[in-house]
1. Among strands (runs of 3 or more DSSP E) lying entirely in region 54-138, which contain 2 or more residues that are closer than 30 Å to residue 24 by Cβ, without any contact (Cβ under 8 Å) to a residue 40 or more places away in the chain and in contact with a strand residue (DSSP E or B) (Cβ under 8 Å, 6 or more places away or on another chain)?
2. Of everything in region 139-153, what is surrounded by fewer than 19 Cβ atoms within 10 Å (Cβ to Cβ) and within 12 Å of the chain's Cα centre (by Cα)? Give them in sequence order.
3. Taking region 21-42 as the region of interest, how many residues are modelled with pLDDT under 95, under 16 Å from the mean Cα position of the chain (by Cα) and in a strand (DSSP E or B)?
4. When you go through 166, 156 one by one, which is the residue that is at pLDDT 95 or above, surrounded by fewer than 16 Cβ atoms within 10 Å (Cβ to Cβ) and either under 16 Å from the mean Cα position of the chain (by Cα) or assigned to a loop (DSSP other than H, G, I, E, B) (or both)?
5. Out of region 169-187, which residues are without any contact (Cβ under 8 Å) to a residue 12 or more places away in the chain and surrounded by 10 or more Cβ atoms within 10 Å (Cβ to Cβ)?
């Protein structure tokens, strides 16, 4: 075991594949799949941030817009190896020194559940979801998510989980109105 991992971890390194709190599922990536055609939407100017803390990727699930910068930090006192394994983007594999300089990368093409692993610590794995618009969210520890700023219209909303699959539903957003979408995943 890597002593840097043992010292930094606040508890045992358990799998993060399915985390549920009283039936509420965490780490579900929810995004607008269809309905934004014809809108000119700028990609975010701020980077999405991925950190390595206690020999874990934080967060476990992350979303970003194609072309948006992904800033990768290493807050651990041990070396990590950041290794995305995409299907529709360029693969890279780069070491990152303990508390070293941040790495910055981009993914040019949309791709869901793009895994990033650490070759130094085989239990370290997370998923980046690269989409074409900034209307997405990741469910929290209570299973909640919020997609803000969506213009009025009818959309296909998709919810993606690394183990439990994908679900879709149509949602109509009216002006100045909040809309709910409840997804139910079964093991």
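1. Ranges flagged: 69-72, 111-118.
2. Of everything in region 139-153, just one residue is surrounded by fewer than 19 Cβ atoms within 10 Å (Cβ to Cβ) and within 12 Å of the chain's Cα centre (by Cα), namely 140.
3. Number satisfying all stated conditions: 1.
4. Going through 166, 156 in turn, just one is at pLDDT 95 or above, surrounded by fewer than 16 Cβ atoms within 10 Å (Cβ to Cβ) and either under 16 Å from the mean Cα position of the chain (by Cα) or assigned to a loop (DSSP other than H, G, I, E, B) (or both): 166.
5. 179
The values are calculated or read from the model by the stated rules, or taken from the named source; none is laboratory data. Just so it is clear, the structure is predicted and the values come from calculations on it, not from any experiment. Don't worry about glycine lacking a Cβ; one is built from the backbone with ideal geometry, like all the others, and counts go over all protein chains shown.
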